Structures are given as structure tokens and as C-alpha cells.
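Q: Just dropping this structure here.
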Amino acid sequence: MSNESHCLHPLLPTQRNNNVLNFLRNRGHNYLLPQIESTLFKNSFISRCFCFLIFSVLRILQLVFSLFFYYVLIVFAICCAFVFVNILL
């Protein structure tokens, strides 16, 4: 996509001036990251899909960890019950 005749090239952000930023570490690209300044960017299809993907993964992780916590809690309660019953006998 660095080819200027590529159909997606106009969608790339502007390139930064490397002379000013020589003291920083090397980056994987020479593009300036865009600032979110408009509702058009916030509501764009790609940014919404990306945010939906991130929040979906976080929600799934939260569900998995909560189920694991309840599983551990139930196993702990059952173990305590067995210990308590064995003490009484």
C-alpha cells in the first residue's frame, strides 16, 4: 500500500517528518496516527467493528473468569463440607 497508485493509498494517514523524530526508537511505519476529532471517525465501520471485537473479547474473558471463580468456590465449599462431616463422625 505504499505504492501511490494503490486504491487504498488515499486512506492512509500522512507520513511524519523523520528529521524531527530521529532521536526516538525506530517504528514499524512512518505514518502519523490520526487523532479522533470527528464523529465520522468515531462512528466509522472499521473503528466500530474494532471496538466491538475488543469489548466482546473482554466480556467473554470476564464471563470465563467469573465462571471459574464460582467453580472454585463450589469445590471449596464441597471440600469444607466433607471435612466438617468427617470431623463430626
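Q: Can you tell me which residue in the stretch 39-89 is surrounded by the most Cβ atoms within 10 Å (Cβ to Cβ), limited to those that are among the small types (Gly, Ala, Ser) and assigned to a helix (DSSP H, G or I)?
A: Within the stretch 39-89, the match that is surrounded by the most Cβ atoms within 10 Å (Cβ to Cβ) is Ser47.
Conditions tested, residue by residue: (1) among the hydrophobic types (A, V, I, L, M, F, W, C); (2) at pLDDT 70 or above.
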| residue | (1), (2) |
| --- | --- |
| Cys7 | yes, yes |
| Pro34 | no, no |
| Leu58 | yes, yes |
| Tyr70 | no, yes |
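The values are calculated or read from the model by the stated rules, or taken from the named source; none is laboratory data. Bear in mind the structure is a predicted one, so any value in this text is a computation, not a measurement. Here the Cβ is made from the backbone with ideal geometry for all residues, glycine too, and neighbour counts use every protein chain on show.
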